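See structure below.
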Amino acid sequence: MDNLVEKNNEYILDIISVGYEGEGIAKIDGYPIFIEGAILGEKVKALIVKVKKNYAYGKLLEVIESSSERVEPKCKVYKRCGGCTVQHMNYKKQLDYKFERVKDCISKIGGLDSALVQYPIGMENPERYRNKVQLPVGMVKGELSIGFYAPRSHNIINLDTCLIQDKIADKVSKLTREWMIKYNISAASIDGVFNKNGLIRHVMIRKGFTTNEVMVVLVSTREKVDHIDKFINSIKDNIEGIKSIILNVNKENTNVILGQKCITLWGEDTITDYIDTFKFNISPLSFFQVNPVQTENLYSKALEYAELTGEETVFDAYCGTGTITLFLSQKAKKVYGVEIIEPAIINARENARINNIDNAEFFVGKSEEVIPQLIEKGIEPDVIVVDPPRKGCDIKLLDSIEKAKPKRIVYVSCDPSTLARDLRILEEKGYKTEIVQPVDMFPHTSHIECVALLEINN
């Protein structure tokens, strides 16, 4: 087995399956080789770049027999950037791959019938869908670069345009680059290494898709930035819909993009946007879903699965800034949102206030601790909604749900693997998974969101 596949050798391979990140998988005598950019059914030539005991990675050199579902990526830095890993598949093929991935997780990890999984809800136009982008700024081989990091590195790929971001981001990036070069404004990274004497580390652009309001955030290592007035004027004069120009200060040598200090240089502290009929004030530090079109589809499904009649008490665990909570409040008697991050809860309360929602209450803390406390006070949920981070639900929360015995659980997930694991646990605790609906929140990437409905076994 050790000698079957050797590093730096080239092989002609048949792609027989697909990995969870969208890679093509070939096998030599049962030994799997993962090849990024290869599609199921293709014959390819690949260079082996990494060999492990149980698998290897290959670099795609040539497509010998091409899939009919292969398309030429529109992005000129597709191979270097690594952000849109499945852009070489047509959109229907991307949805097919994500469908199969979810089904695979549900059956292999969850031990459930893959027929529970519905076909993903896709986008009519799967481009320019993001309302927020954070672009690192740095010197790369003596040239100012603003763009995205290459995969698994801090090397910045210089970008003129990105097809999944709003067009306004391309324009802001160009203006920032021109300003920095003209006035010799230093970058806070040199060839991937933090430069403590440098100034600009990121530029962030947010846009309200419903309101067309734009926020530009310049992330700097210092509060004083030379020629900042020139930057402000350039953005004001050239960016349609500009409402807010912010300086965010982050002095630390860290991977965290934004610091806690925000200085409004011009305009308002926030911009506004809507999801369905709900209005949200968005600050530089606010969490807001990056694909508003699909967010509406996702939350509408969650509301549908909750089957609310107006008489129910609902718990929303991992409620964030309260976006799902507000959706649920339309048809619930009372909704309790729980979130460990205090600034998010402050935002959630503000979001409830500006939307005149009076049947939502928010608590700071761990869901697995707060929910039992609510139950002890005699507040018993009819429905529990969970929207955990990628690692899935804390086992203590799942134990708390078991004790609470809600009639229904609506599980919103950003990772099919941890969703499947948690569904299995909940099934063991007396619940039955009724349906799993994937929603393609991030076209051209390997990511897929899901919403699942579970009902208690009586």
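The values are calculated or read from the model by the stated rules, or taken from the named source; none is laboratory data. On a predicted model such as this, the values are computed, not experimentally measured, just so you know. Neighbour counts are summed over all protein chains in view; Cβ atoms, including those assigned to glycine, are modelled from backbone coordinates with ideal geometry.
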In the range 393-443, what residues are surrounded by fewer than 17 Cβ atoms within 10 Å (Cβ to Cβ), touching a residue at least 60 places away in the same chain (Cβ under 8 Å) and in contact with an Asp or Glu (Cβ under 7 Å, 6 or more places away or on another chain)? GLU434
Subset of the range 21-42, residues loosely packed, with under 14 Cβ neighbours inside 10 Å and closer than 16 Å to LYS98 by Cα, comes to GLU21
So which of LYS236, LYS207, LYS243 ends up being in contact with a Phe, Trp or Tyr (Cβ under 7 Å, 6 or more places away or on another chain), farther than 16 Å from ALA188 by Cβ and of a type in the set (Lys, Arg)? LYS236
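Conditions tested, residue by residue: (1) surrounded by 23 or more Cβ atoms within 10 Å (Cβ to Cβ); (2) of a type in the set (D, E, K, R); (3) at pLDDT below 95.
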{"residue": "PHE315", "(1), (2), (3)": "yes, no, no"}
{"residue": "GLY337", "(1), (2), (3)": "yes, no, no"}
{"residue": "ILE340", "(1), (2), (3)": "no, no, yes"}
{"residue": "ALA348", "(1), (2), (3)": "yes, no, yes"}
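Got a sec? Which of ASN281, ASN253 is polar (S, T, N, Q), touching a residue at least 24 places away in the same chain (Cβ under 8 Å) and assigned to a loop (DSSP other than H, G, I, E, B)?
Unique residue meeting the criteria: ASN253.
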The number of residues in the range 331-384 that are within 18 Å of THR277 (Cα to Cα) and part of a helix (DSSP H, G or I) is 8
Cβ-Cβ under 6 Å, sequence separation 6+ or interchain: first residue in the range 288-312 and assigned by TED's automatic domain parsing to the domain that holds THR445, partner buried (at least 17 other Cβ atoms within 10 Å of the Cβ) and small (Gly, Ala, Ser). Which pairs? LEU308/ALA332; GLU312/ALA332
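I need the full set of residues from the range 435-455 which are of a type in the set (A, V, I, L, M, F, W, C) and in contact with a strand residue (DSSP E or B) (Cβ under 6 Å, 6 or more places away or on another chain), in order please.
Those that are of a type in the set (A, V, I, L, M, F, W, C) and in contact with a strand residue (DSSP E or B) (Cβ under 6 Å, 6 or more places away or on another chain): ILE435, VAL436, VAL439, MET441, ILE448, CYS450, VAL451, ALA452, LEU453, LEU454.
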Screening ILE205, ILE232, ILE246, ILE263 for residues that are modelled with pLDDT of 95 or more and either assigned to a helix (DSSP H, G or I) or not assigned by TED's automatic domain parsing to the domain that holds LYS141 (or both) leaves only ILE232
If I filter the range 371-384 for residues that are surrounded by 18 or more Cβ atoms within 10 Å (Cβ to Cβ) and under 25 Å from the mean Cα position of the chain (by Cα), do I get at least one hit? yes
Mind checking which strands (runs of 3 or more DSSP E) fall wholly inside the range 1-84 and carry at least 3 residues that are under 28 Å from GLU127 (Cβ atoms) and in contact (Cβ under 8 Å) with a residue 24 or more places away in the chain? 31-36, 56-65
